[in-house]
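Right, one structure below, let's go through it.
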């Protein structure tokens, strides 16, 4: 009887664990400050359905952004502020494993929905 009881408890616990596991994903986040400084945040925990912006907020609390009708636009990360004068801003990329290269993400930070094991990069860089 004890074996049957513990097996049923194990089965129920395993089912609950599997259901909870489906709600969480891990992603890798690179913050590239444009001056040679990079900070990797591997295995960042995010809820399923999270965006690139959510992953950014999971890696640092020092983020400034503007809300537009189209979505979130990041203006500053860790005190590195966009500069229209020098034509530098924060851009989001995702690792395209099929092409083995970084690809541009959507123009707004909350438009890219993350998938399990995605790798994204936030880069401070110049634009033309």
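The numbers here are math on the coordinates, done by the rules we state, and not lab data. What you see is a predicted model, and the numbers here were worked out from it, not measured in a lab. With ideal geometry, Cβ positions are generated from the backbone for all residues, glycine too; neighbour counts draw on all protein chains shown.
Against the empirical curve 2.2 N^0.38 Å, the C-alpha radius of gyration of the stretch 34-96 lands at a ratio of 1.19.
Express the C-alpha Rg of the chain as a ratio against the empirical globular expectation 2.2 N^0.38 Å, rounded to two decimals. Mind dumping the intermediate values first?
Numbers: Rg = 19.1 Å, N = 128, 2.2 N^0.38 = 13.9 Å.
For the chain, the normalised Cα radius of gyration is 1.37.
Springs join every pair of Cα atoms under 10 Å in this Gaussian network model of the chain, and among 58, 111, 97 the largest mean-square fluctuation is at 97.
Report the antiparallel proportion of the DSSP beta bridges in the chain as a percent, rounded to a multiple of 5. Here the share of antiparallel DSSP bridges comes out near 85 percent. Panel order for 91, 53, 17, by other beta carbons found within 10 Å of each beta carbon, from fewest to most: 17, 91, 53. Using only the Cα atoms of the stretch 1-71, build the gyration tensor, take square roots of its eigenvalues as a ≥ b ≥ c, and label the shape rounded, prolate or oblate: rounded if a/c is under 1.5, else prolate if a/b is larger than b/c, else oblate. Since a/c reaches 1.5 and a/b is larger than b/c, the shape of the stretch 1-71 is classed as prolate.
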